[in-house]
Structure formats: C-alpha cells, structure tokens
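The values are calculated or read from the model by the stated rules, or taken from the named source; none is laboratory data. Quantities reported herein were computed from a predicted structural model and do not represent experimental measurements. Note that we place each Cβ from the backbone using ideal geometry, even for glycine, and neighbour counts take in every protein chain shown. Accessible surface areas use protein heavy atoms only, side chains included; no ligands, DNA or RNA. Shrake-Rupley method; radii C 1.70, N 1.55, O 1.52, S 1.80 Å.
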Amino acid sequence: MDRRKSIQTIIMGAGASALMFHGCKTDTDMDVPVASDNNAYFGRTPEELERIEKLKAIQLFNEHEMETIILLSTIILPPKEPHGGPIEAEVPEFIEFIAKDIPELELTLKGGLMWLDHQSNVLFDQEFKKASTDQQKQILDTIAFQDVEKPLDEQPLEIQFFALMRNLTVTGYYTSKVGIADLGYKGNQPNIWDGVPQEVLDQHGVSYDPKWIAKCVDQSKRNEIAEWDENGNLLT
C-alpha cells in the first residue's frame, strides 16, 4: 500500500469511528444549542466572515517561505491524476490561513522553515527548496518520526514542526473539494431497495401487503409521501 492509500485509509477509518461513537451514544441529556429565529444568515456569522476577510488580507509568510511550504506539502502528499495534489487543493493557502487564525502556530512553522534551510545549507551548501529531491528527503527523514513514548510537545522543535506540517497538509487536502473527490466520497446517496428477498420471506412465513410494497418499493413513486389512517392502514 502506497503512502497516499495509507493516509486515505486513516482518514476514512477515523471518520467511521467518529460516526460510530456518536451514532451509538444514547445519552439524551445533552445541552444542544438552539438556533435563534432572528438570524438572517446561513452558515458563517457576519462576525466570522469579517474576521476571515481580515485574516486573508494579512501576509504571514514571505515568498521564500511560501515556496518552501508548497514544496513540503507536495513531498508529504504527492499529487496524482486525475484530481491533483496539495497545490490544486490550495493547501499552502490553507496552512497560511490556519497559522494566521491560530497565532500560536506561527513560531513553530517559521522556526521549522528556518531549520530546514539551515540544515540544507550545512549539509548541501544550498537552501532547502534548491536541494535535490533525495537531499530534501534525507533531511526530512530525520524529523518525520517522533518518539511515541513521549508527548509531542516534549520532543525537538523540528519534529514538532514536521508533525504540524504533515497534519495541516493532510487536513487541508482531505477537507477540500479536490481531496474529497480523491477519496471518492459522494455523500449520502438514495438507495434502490427492492424489499426483503422472496426466499427470506418464505423462510419466515411472511409476506408483504401488496399495497404497501407497491407504495414503498415502486421507485416511480419514491418522491410521494405515504399516508396512514389512525389504525396504521396505508391510505395512499
């Protein structure tokens, strides 16, 4: 299994686990916020939209830093046909936006980018983005694996940097239109259901009410709303 397939498996598995956890929860005493009736908007609030525009107007990374981020994102998640990769999914822009939205990340990201250039200059006498692919991977191999016995925030800053870059790259890609298409996720889709197989019905000695089966399984009537009387009899 290649690296991209491994990441896809992790993403889908994590999503399925989350759905299973929430779907099986039976606690009904949850404090669920109720939307106000006087909101004249849908989705982001006006305050959120204003904050987004302000953040977009800020330039956090200089041209050199952005070029390095672009390069790193494609090393972490190589592009493939037909959907493309991090560049097509605007992952570098996503990383910069998140760093502006969460200022605590700026030092780790900028420090890590400086560390990459320093290491590349020491080892290969050139900045990271100008090194060969093999040289770049040689540097990244030294920070791509963390000590699972220690919390990440107790490990060297360069390892924290690469873990953050990897997480942001994967998150930015697989929450984009490009990444969702790459996963093949299409959302909830209506199913075609022809009822319980006849052999199963015969095995249990049951059968469908012909009126019910005509109403509920006939796909030509799938958009009609069934109605029952007070005794549970199908009317239409």
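Below is a table of values for the structure above.
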read-out	value
Glu93 vs. criteria free of Cβ contacts under 8 Å to residues at least 12 places away in the same chain, more than 16 Å from Ser73 (Cα to Cα) and part of a helix (DSSP H, G or I)	no
Test result for Ala99, aliphatic (A, V, I, L, M), surrounded by 13 or more Cβ atoms within 10 Å (Cβ to Cβ), in the same structural domain as Gln59 (by the TED database) and closer than 12 Å to Met165 by Cα	yes
The one condition in (1) open to solvent by 30 Å² or more (accessible area, probe 1.4 Å); (2) modelled with pLDDT of 95 or more that Pro92 fails to fulfil	(1)
Criterion (of a type in the set (S, T, N, Q) and either at positive phi or open to solvent by less than 90 Å² (accessible area, probe 1.4 Å) (or both)) met by exactly one of Thr171, Thr175	Thr171
So Ala57, is it open to solvent by 50 Å² or more (accessible area, probe 1.4 Å), over 20 Å from Asp182 (Cβ atoms) and of a type in the set (Gly, Ala, Ser)	yes
Residue within the stretch 158-166 that is in a helix (DSSP H, G or I), in contact (Cβ under 8 Å) with a residue 60 or more places away in the chain, touching a Ser or Thr at 6+ places or on another chain (Cβ under 9 Å) and not β-branched (Val, Ile, Thr) present	yes
Failed item in (1) of a type in the set (A, V, I, L, M, F, W, C); (2) within 19 Å of the chain's Cα centre (by Cα); (3) open to solvent by 30 Å² or more (accessible area, probe 1.4 Å), with Phe145 passing the rest	(2)
